1. What is the one condition in (1) in contact (Cβ under 8 Å) with a residue 24 or more places away in the chain; (2) not assigned by TED's automatic domain parsing to the domain that holds GLY135 that LYS66 does not satisfy?
2. Suppose the filter is out of contact with any strand residue (DSSP E or B) (no Cβ under 8 Å at 6 or more places or on another chain), assigned to a loop (DSSP other than H, G, I, E, B) and at pLDDT 90 or above; does LEU113 pass it?
3. Output the number of residues of segment 1-24 satisfying the condition of being of a type in the set (Gly, Ala, Ser) and more than 10 Å from the ligand (Cβ to nearest atom).
4. ARG115: more than 30 Å from TYR57 (Cβ to Cβ) and among the charged types (D, E, K, R), yes or no?
Amino acid sequence: MKYCSGCNQKLFLSSFHRAVRGRLGVAHKCKQCKSVYAKKRYQENRVTILEQHRDYYQQNKLHIRKAQQQYRIRTRDQRRHRRAADRALHRALHRARLLSATPSWLSVDEKKLIRALYARRKNDEHVDHIVPLKGDGVCGLHVHWNLQILPAFENLSKGNKL
Ligand SMILES: [Zn+2]
């Protein structure tokens, strides 16, 4: 425990930021007081501080840009993996939704019609459910009479609305 020189409260050391040269290895003021002080200081000197930041950026532009570029390169794989995982999840959810929206009483011929429709679809087109599978209060079926081929952008803008 230690007294804060700002609010004079006796607080756990975890309430203070670490400071190598401070007594007990922590700062004089508690985190709360420091944050209040920093906010006040920012509000009173906003223009000066922003100018300082701008000057710092101008003087270290190349260095900063290089660091940003390296950060992007370092995290590229991470972002790629995250996107791939998101897409896989999305596809899995979509498959599950199609499966649960496909009635068990559908005939073989009717299933063929669905497949034919997907086969007819061009690269810039989407197969759209006229009544959405996951609509607002309604659930369409994954059956050929509820399917239409749309240009990709139209399907995307439609969302799950009718
Ligand atoms: Zn304090």
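1. Of (1) in contact (Cβ under 8 Å) with a residue 24 or more places away in the chain; (2) not assigned by TED's automatic domain parsing to the domain that holds GLY135, only one is false for LYS66: (1).
2. Details: out of contact with any strand residue (DSSP E or B) (no Cβ under 8 Å at 6 or more places or on another chain): yes; assigned to a loop (DSSP other than H, G, I, E, B): no; at pLDDT 90 or above: yes.
In short, no.
3. Pass one, segment 1-24, residues of a type in the set (Gly, Ala, Ser): 5-6, 14-15, 19, 22.
Add one more test, that the residue is more than 10 Å from the ligand (Cβ to nearest atom), and what stays is 14, 19, 22.
Residues in segment 1-24 being of a type in the set (Gly, Ala, Ser) and more than 10 Å from the ligand (Cβ to nearest atom): 3 in total.
4. Numbers: more than 30 Å from TYR57 (Cβ to Cβ): yes; among the charged types (D, E, K, R): yes.
Yes, satisfied.
Per-residue answers, yes or no, for (1) aliphatic (A, V, I, L, M); (2) under 30 Å from CYS4 (Cβ atoms); (3) within 16 Å of the ligand (Cβ to nearest atom):
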position	(1), (2), (3)
ALA27	yes, yes, yes
LYS31	no, yes, yes
ALA38	yes, yes, yes
ALA84	yes, no, no
ALA92	yes, no, no
ARG95	no, no, no
LEU99	yes, no, no
PRO103	no, no, no
VAL108	yes, no, no
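The values are calculated or read from the model by the stated rules, or taken from the named source; none is laboratory data. Bear in mind the structure is a predicted one, so any value in this text is a computation, not a measurement. With ideal geometry, Cβ positions are generated from the backbone for all residues, glycine too; neighbour counts draw on all protein chains shown.
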